[in-house]
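Trainee: First the structure, which I've put down as structure tokens, then a few questions once you've had a look.
The values are calculated or read from the model by the stated rules, or taken from the named source; none is laboratory data. What you see is a predicted model; the values in this text were computed from it and never measured. Neighbour counts are summed over all protein chains in view; Cβ atoms, including those assigned to glycine, are modelled from backbone coordinates with ideal geometry. Each accessible area value is taken on the protein alone, full model and side chains, heavy atoms only, with ligands, DNA and RNA left out. Shrake-Rupley method; radii C 1.70, N 1.55, O 1.52, S 1.80 Å.
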Amino acid sequence: MTDSVNSLLPVWACLASLLAVPAILIFRKEPFLREGATFVAGLVKLGFVIAIYQHVKNGTAVECVLIEGPLPIVLRVDALGMVFALVASSLWILTSLYAIGYMRGLKEHSQTRFFAFFAVSLFATLGVAFAGNLLTLYLFYEILSLSTWPLVTHHQDKEARSGGRTYLAHLLGTSVAFALPALIFTWVKTGSEIEFGKAILESGDLGPWPTVALLLAFCFGFSKAGMMPFHSWLPGAMVAPTPVSALLHAVAVVKVGVFCVIRVVTEVFDTDLLTQAIGALSPSEILAWVAAFTVLVSSLIALTQDNLKRRLAFSTIGQLSYIVLGVALLHDLAWRGSVLHIAAHATGKITLFFCAGAIYVATGKKYISQMRGLGRRMPITFTAFFIGSLGVIGLPPSLGLISKFHLVLGAANAGQIALLVVFLISTILNAAYFLPIVYQAFFPKSDEVDPGEAGAEKFSWHSVKEAPWACVVPLSITALLSFGLFFTSGFLQELVKLFVASH
Amino acid sequence: MADQFPAIIVLAPLFGALIVGLAGSRDHRICFPVVLVSLAVSLFASLGVFLQVLQSGPVSYFMSGWDTEKSVLGAGIELRIDAINGLVLIVIAVVSILVSIFSIRRAGEETTEKTPQFYVLFLLLTVGIFGMTVTNDAFNLFVLVEVSSLTSYALIAMGKARRGTMAAFNYILMGTVGASFYLLGVGYLYLKTGTLNMGHIHEVLTANGGEIGRSPSVMVAFVMILVGLWIKMAFFPLYGWLPNAYSYAPSTSGCILAPLMTKVSVYVMIRVMLGVFGWEWVFGHLGWNHAVVWLAVIAILAGSVLALAQRELKKMLCYLIVAEVGYMVGGAWLADSEGWGMTGAIYHILADAFMTLCLFIAASILVKRCKARRIEDLGGMFKKMPVTMTGFIIGALAMIGIPPTCGFFSKFYLIRGGIESGHWEFVAALILSSLINAVLFFRIFEIAFFGNKPAEGHGHEEGETSEQGSIGEQALSVREARLSTLIPLLVTAAIVILLGVFNGPVIAVIRSAIEPLIAVGG
Amino acid sequence: MKEFFETSIEPHFNYWVYVILMMIGLWAVIAKNNLIKKLIGMSIFQTAIILFYVSVGVKKGSGIPIIPKAKEAAAGAGEHGAAGAVNPDLFANPLPHVLMLTAIVVGVSTLGVALAVAQQLFKDFGTLEEDEILEQIKTADKASPDG
């Protein structure tokens, strides 16, 4: 157990973006002031997060009890929450910049609503990161589901609506159907104790089968983690505008899902519970194999997708299960890898989404088969795409290498050779679905540069330019971030070590 | 003064009704201030009593000083307030004040200028409901149930819609049969125990190791009382009168009846169960908890599914009430050893009163402003009436059970009760009904947010295209509702959230009140 | 048969009477088509319960429950020690009767409200037959669902 200090800092960090909402609504007629409010809020938020980081890096948790009682609402920032909060709050600023370029570039409607709900969803994301008990976690989880729904349905057309319905049905449905009963069951079992920071279900509390049921209820209930069979909301939600996909479906929403799973596995269950034998397997291994199945199947599906955003979506599903798989290994190194992979995948995937959006803004192209040769016209975008995909695949120089290295080592040390093979196969598949895009973009066959034979539409290749600067700058920064974190990941690794050490 | 608080709670609206009845017909403007003042006095007295209860335990008050101990035949009427009905009293007072504000302009419009008559009935209704909550006398309870029922028949029949009149007629028949059953049950109890005071009945029933309690007559009495109350609270399958009555009533009547009548009836049932027959008798001797919980499960599912089938907004809400009654009855009958189900049921009485009020006020505004009885007519309402829709959304989220609204926490405690007592079917029903509610309300949100049909481009919402000419004109001129209706809506919405956020102290009060009742049963 | 009559019906005949009346009333409420007949059924139903209460207050050989008279009677009998003590066996239990005064008032008001509503229904629909009213509602529904 680490010691903790009481402070209102976590509250302010959460509220920073919520308080921006009135400002956004007031300045709805003044786009510059409106977006200015978003930026100010983003910087203030990051400032608070960094202030909290000063405490957390010394191994002190920052705590704030909002409401006492039988069902307390508590914010408590520890190393794990810190990693996530740093990633989410720093990437929000970049996404806001990108969103301005994207939304204005496409002259989207209802931009005020868009920015307002964006701010609310960030409030909820930090709330999840800082949640000090299961109830608080669930509370912010639901707020996040609801506040992102208007973003997903932003286009309001038929496709967006059905995407939005799938989105809500999955996220709300599973959370109410699985996570809520699991949460209350835990509460009943432990006699009103739902605080994090101590293993609240001790060994001997549950038999092996109830443990499996509860574990899977939590993991499927937090279906933002995208584990199969509750993954189909993610591709469906790709109808959202790209900044939404970028931040929410590469960073905030899906990471909230895996974050919840990490919390549950590491803090709710005692390790003894998860290693009880059921035949040849243990509860944690069952979870690991569900995750492994998701990793492989989603990577294979990703290979077949021609729509770039859909390919990214299935890649995301795979990478999320990667993280879950690492947690389920119940090994120090694997846990470190998992948490690091949150940051690694976030920076990498957000770059990829930014690039997909930039391509769409500049050319209107959505399909990979239409992108041959585009790299020559949009070199910055595709270079960033290349770096981003390196991060997701786990090739040097990127943070992804470090996280995957830990994961693989963890699997090896835990003696799970079969799962180690899963990691390796998946990495090959990752490379197989990303690198050809880059290759074809830069080195098209000569005849394909001329679209005359494809014939579908007149398209002047020579008029294609890079997307607006507001799109290009953020994606360059995230690419640099993904690249730079390879060399400066020390502070993250310190946090991760703190997290692992506290268990 | 403070000693007289229990009587003042009931008498203030009664005298208010007299004043409104005498003076109101001369000048309609006098009605509303009198109503507000008398309800405010009730609220003040309720708060006062509640504080007394918190400090020094339950408060007993004997009408006209007829102490039941001293008087010849034990005929004095006792008012008794403990922490639980103290809370219910406050809820009733707050809800009725909010509805009276909501009704300032509407009462006259909807009842063809019968404003004073409306307010007389309104105040008498609160008299009846307050009385049902405080009285500790079984026969007096019957009279007060009839006072509240008679006024609600009239309130429902006051509207212009002729279907409302027919619904009121059916309600009279059902309601009278229900009250008569209750009266019959009280008669049997009186025969066996020789007293009408609830506390005394309980003493007699449990005396000598519960010898009298084992008599079959007592069981008949309990069943009669239960059936009577179930009709009053519209518990499945006795809910038939409710949907038409509440949805075709004038909106002000609907807004006061829907949150209070069923909830107070549930409270009365819980009081009869715990205060008259006792935990041990109901759950130990009778042992029907499994059957009733299953009935509640069916009520929840049937209410939710029927709500799903409705196209009219208010009808849908009415079927949701049926489902919510299932929550409360089921929770009260879970009989887990720590009483979490009972806690959840009592908390849900408070929570559901405000949730229902919130939704009914919002729905009434929507129906009135845009003539949109049906859900499809709500296209694009979010843009036209953002404040109203905000209130509606908060109420709806509470119905679904999204934190941090109070609906989430009541469900939380109810599910805990279900798990602890092993009634998994109840847990499943609660979750299923949450999911159905989510479908119901998000269907409405989608229409209200994004318009009726999927957008082609970013045009304006439709609504003008509707076939009825009058609707076309209305839809063009739809704008935000007037302040006198928005204030109660927003206050209710705020309460829905605050009651959820600060559920801790409320739950603590409820727990401290029911723990001794459970302990008595052992 | 005779035995059944002697053990079950004769000592409890007041119960039988009220149950039969109640069922008649309930049947009328449910089965009758005319709204006024339904109301008559409702009244019978209520009256049955009033009869039940009144009948249980009666005792064999008891007088009217007026306290001075009862005291006289007690003094005359002179059995129960202290003068002025009331022997409850000598007069009927007044409480159920008093309660029923209230219940009768409640019943009359209910009937009054119900008749007023029935009158309004007759104005609205021009009939008091339930099936005809429902038919009218149905056709109105088809014409304009907003009724």
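Trainee: Run the 1.4 Å probe and let me know the accessible area of B:ARG163, rounded to the nearest 10 Å².
Mentor: 40 Å²
Trainee: A further question on this structure: If you add up the charges near B:VAL49, with Lys and Arg at +1 and Asp and Glu at -1, over every other residue whose beta carbon is less than 13 angstrom from its beta carbon, what do you get? Don't skip to the answer; put the middle values down first.
Mentor: On the way: positive: B:ARG80; negative: B:ASP3, B:ASP82.
Residues near B:VAL49 contribute -1 overall.
Trainee: Between the range A:335-383 and the range A:34-77, how many Å separate their Cα centres?
Mentor: 30 Å
Trainee: Moving to a separate point now. If one takes the accessible area of chain B alone plus chain C alone and subtracts that of the pair, with a 1.4 Å probe, what total in Å², rounded to the nearest 100, results?
Mentor: Numbers: alone 19680 and 10390 Å², together 26500 Å².
Buried area (both sides, nearest 100 Å²): 3600 Å².
Trainee: Moving on. Using only the Cα atoms of the range A:99-173, build the gyration tensor, take square roots of its eigenvalues as a ≥ b ≥ c, and label the shape rounded, prolate or oblate: rounded if a/c is under 1.5, else prolate if a/b is larger than b/c, else oblate. Could the numbers behind the result be given before it?
Mentor: On the way: a/c = 3.74, a/b = 1.53, b/c = 2.45.
In terms of gyration-tensor shape, oblate.
Trainee: Go through A:22-32, B:322-332 and give me the packing order, highest mean Cβ count within 10 Å leading. Please list the in-between numbers first.
Mentor: On the way: A:22-32: 14.5, B:322-332: 28.5.
The most tightly packed comes first, giving B:322-332, A:22-32.
Trainee: Which entries in the list B:LYS114/B:LYS383; C:LYS37/C:LYS123; A:LYS365/A:LYS465 go over 23 Å, if you measure between the two C-alpha atoms of each? Walk me through the numbers before you get to the answer.
Mentor: Numbers: B:LYS114/B:LYS383 34 Å; C:LYS37/C:LYS123 18 Å; A:LYS365/A:LYS465 13 Å.
Beyond 23 Å between Cα atoms: B:LYS114/B:LYS383.
Trainee: Heavy atoms only, probe 1.4 Å: what % of the accessible area of the range B:288-522 goes to carbon and sulfur, would you let me know?
Mentor: Details: 4820 of 7260 Å².
C and S fraction of accessible area: 66 percent.
Trainee: Please sort A:428-438, B:207-217 by packing, taking for each peptide the average over its residues of neighbouring beta carbons within 10 angstrom, highest first. Walk me through the numbers before you get to the answer.
Mentor: Details: A:428-438: 18.3, B:207-217: 13.3.
The most tightly packed comes first, giving A:428-438, B:207-217.
Trainee: For the range B:298-315, just list the computed ³J(HN,Hα) in residue order, Karplus coefficients 6.51, -1.76 and 1.60, θ = phi - 60°, integers in Hz, with x standing in for Gly and Pro.
Mentor: 5, 4, 4, 5, 4, x, 5, 5, 5, 4, 5, 7, 7, 9, 8, 4, 5, 4
Trainee: So, one more: Take every residue in peptide B:436-449, count the Cβ atoms of other chains within 10 Å of its Cβ, and give the average of those counts.
Mentor: Working: counts 0, 1, 5, 5, 0, 0, 7, 1, 0, 5, 7, 0, 0, 7.
Neighbouring Cβ atoms belonging to other protein chains average 3 per residue here.
Trainee: If you put +1 on each Lys and Arg Cβ and -1 on each Asp and Glu Cβ, how big is the dipole of the protein assembly as shown around its Cα centre, in Debye rounded to 20?
Mentor: 2780 debye
Trainee: Using only the alpha-carbon atoms of chain A, report the extent along each of the three principal axes, biggest first, to the nearest angstrom.
Mentor: 70, 54, 43
Trainee: May I pose another question? Take the Cα atoms of chain B, build their convex hull, and give its volume per residue in Å³.
Mentor: Hull volume over Cα atoms, normalised by residue count, gives 133 Å³.
Trainee: Kindly report, to the nearest 10 Å², the accessible surface of C:ASP131 as traced by a 1.4 Å probe over protein heavy atoms only.
Mentor: 80 Å²
Trainee: Can you give the angle from 0 to 90° between the axis of helix A:180-190 and the longest principal axis of chain A, with both taken from C-alpha atoms, to the nearest 10?
Mentor: 20 degrees
Trainee: What angle do you read, to the nearest 10 degrees and between 0 and 90, between the alpha-carbon axis of helix B:138-157 and the longest principal axis of chain B?
Mentor: 10 degrees
Trainee: Still on this model: With θ set to phi - 60°, apply the Karplus curve 6.51 cos²θ - 1.76 cosθ + 1.60 along the range A:325-333 and write out the HN-Hα couplings as whole Hz, x wherever there is a Gly or Pro.
Mentor: Once θ is set to phi - 60°, the couplings for the range A:325-333 become 4, x, 5, 5, 5, 6, 10, 3, 5 Hz.
Trainee: Right, another one. Equivalent-ellipsoid semi-axes (√(5λ), Cα gyration tensor) for the range B:162-201, whole Å, largest first? Working shown, then result.
Mentor: Numbers: eigenvalues 216, 15, 3 Å².
Working from the Cα gyration tensor, I get semi-axes of 33, 9, 4 Å.
Trainee: Report, in debye and to the nearest 20, how large the dipole of chain B comes out about its Cα centre when Lys and Arg carry +1 and Asp and Glu carry -1 on their Cβ. Could you put the intermediate results ahead of the total?
Mentor: Working: 32 positive and 32 negative charges, 229 e Å.
Once rounded to the nearest 20, the dipole reads 1100 debye.
Trainee: On a 20 Å Cα-Cα criterion, which of the cross-link pairs A:LYS189/A:LYS255; A:LYS158/A:LYS309; B:LYS232/C:LYS32; B:LYS160/B:LYS263; B:LYS315/C:LYS38 come out too long?
Mentor: Too far apart for the 20 Å limit: A:LYS189/A:LYS255; B:LYS232/C:LYS32; B:LYS160/B:LYS263; B:LYS315/C:LYS38.
Trainee: Follow-up. Quick query: amide H of B:ASP137 versus all other amide H atoms, modeled in the peptide plane; which residues come in under 5 Å with a sequence gap of 5 or more or a different chain?
Mentor: Residues meeting the amide H criterion: B:GLU78, B:MET198.
Trainee: Compute the accessible area of each residue in the range B:116-161 twice, once for its chain alone and once with every protein chain present, using a 1.4 Å probe on heavy atoms, and list those whose area falls by at least 50 Å².
Mentor: Residues meeting the cut-off: B:PHE139, B:LEU150.
Trainee: Here's another thing I want to ask about it. Picking from A:VAL295, A:LEU274, A:MET378, whose Cα lies most toward the positive end of the charge dipole for the range A:4-501 (charges on Cβ: Lys, Arg +1; Asp, Glu -1)?
Mentor: A:MET378
Trainee: While we're here: List the accessible area buried at the contact between A and B, summed over both sides and calculated with a 1.4 Å probe, in Å² to the nearest 100. Intermediate values should be presented prior to the final figure.
Mentor: Numbers: alone 17960 and 19680 Å², together 34490 Å².
What A and B bury together is about 3200 Å².
Trainee: Residues of the range B:164-186 losing 30 Å² or more of accessible area relative to the isolated chain, 1.4 Å probe, heavy atoms only?
Mentor: By number: B:THR165, B:MET166, B:PHE169, B:ILE172, B:LEU173, B:THR176, B:VAL177, B:SER180, B:PHE181, B:LEU183, B:LEU184.
Trainee: Then there is this: Measure nothing fancy, just the Cα-based angle from helix B:31-56's long axis to the longest principal axis of chain B, in degrees from 0 to 90, nearest 10.
Mentor: Compared with the principal axis, the helix lies near 40 degrees.
Trainee: Ignoring ligands, DNA and RNA, how do A:TRP92, A:TRP335, B:TRP424 rank by accessible area with a 1.4 Å probe, largest first? Don't skip to the end; give the middle numbers.
Mentor: Numbers: A:TRP92 0, A:TRP335 25, B:TRP424 130 Å².
Largest accessible area first, the residues go B:TRP424, A:TRP335, A:TRP92.
Trainee: Please calculate how many Å² of accessible area chain B carries per residue, with a 1.4 Å probe and no DNA, RNA or ligand atoms counted. Don't skip to the answer; put the middle values down first.
Mentor: Numbers: 16240 Å² over 522 residues.
On a per-residue basis, 31 Å².
Trainee: Would you compute, for the Cα atoms of the protein assembly as shown, the largest minus smallest coordinate along each principal axis and list the three values in descending order, in whole Å?
Mentor: For the protein assembly as shown, the Cα extents along the three principal axes come out at 126, 69, 62 Å.
Trainee: Show the residues, 5+ positions off or on another chain, whose built amide H is closer than 5 Å to the amide H of A:ASP157.
Mentor: Under 5 Å from the amide H of A:ASP157 lie the amide H atoms of B:ALA455, each far enough along the sequence or on another chain.
Trainee: Taking θ as phi - 60°, what are the ³J(HN,Hα) couplings along the range B:344-354 by the Karplus curve (6.51, -1.76, 1.60), each to the nearest whole Hz, with x for Gly and Pro?
Mentor: With coefficients 6.51, -1.76 and 1.60, one gets x, 5, 5, 4, 5, 4, 5, 5, 5, 4, 6 Hz.
Trainee: Give me the 1.4 Å probe accessible area per residue for chain A, excluding ligands and nucleic acids, in Å².
Mentor: On the way: 16400 Å² over 503 residues.
Heavy-atom accessible area per residue stands at 33 Å².
Trainee: While we're on this one: Measure off, as a whole percent, the carbon and sulfur share of the 1.4 Å-probe accessible area of chain A, all protein chains present. Write down the numbers at each step before the final one.
Mentor: Details: 10640 of 16400 Å².
With neighbouring chains kept in place, the figure for chain A is 65 percent.
Trainee: Relative to the isolated chain, which residues of the range A:44-92 have their accessible area cut by 20 Å² or more in the presence of all protein chains (1.4 Å probe, heavy atoms, no ligands or nucleic acids)?
Mentor: Flagged in the range A:44-92: A:ILE67, A:PRO70, A:LEU71.
Trainee: Give the accessible area for B:LYS232 in Å² (nearest 10); use a 1.4 Å probe, count only protein heavy atoms, and leave out ligands, DNA and RNA.
Mentor: 10 Å²
Trainee: If you restrict to DSSP beta bridges whose two residues both lie in the range A:4-501, what percentage is antiparallel, to the nearest 5? Walk me through the intermediate numbers first.
Mentor: Values: 9 of 13 bridges.
Counting DSSP beta bridges with both partners in the range A:4-501, the antiparallel share is about 70 percent.
Trainee: Using the Cα gyration tensor of the range B:288-522, with a ≥ b ≥ c the square roots of its eigenvalues, what is the shape: rounded (a/c below 1.5), prolate (a/b larger than b/c) or oblate (neither)?
Mentor: Numbers: a/c = 2.94, a/b = 2.04, b/c = 1.44.
Since a/c reaches 1.5 and a/b is larger than b/c, the shape of the range B:288-522 is classed as prolate.
Trainee: For A:LEU66, what residues show an amide H to amide H distance below 5 Å, using hydrogens built from the backbone and excluding near sequence neighbours?
Mentor: Excluding prolines and chain starts, which carry no amide H, the hits are A:ILE73, A:VAL74, A:LEU75.
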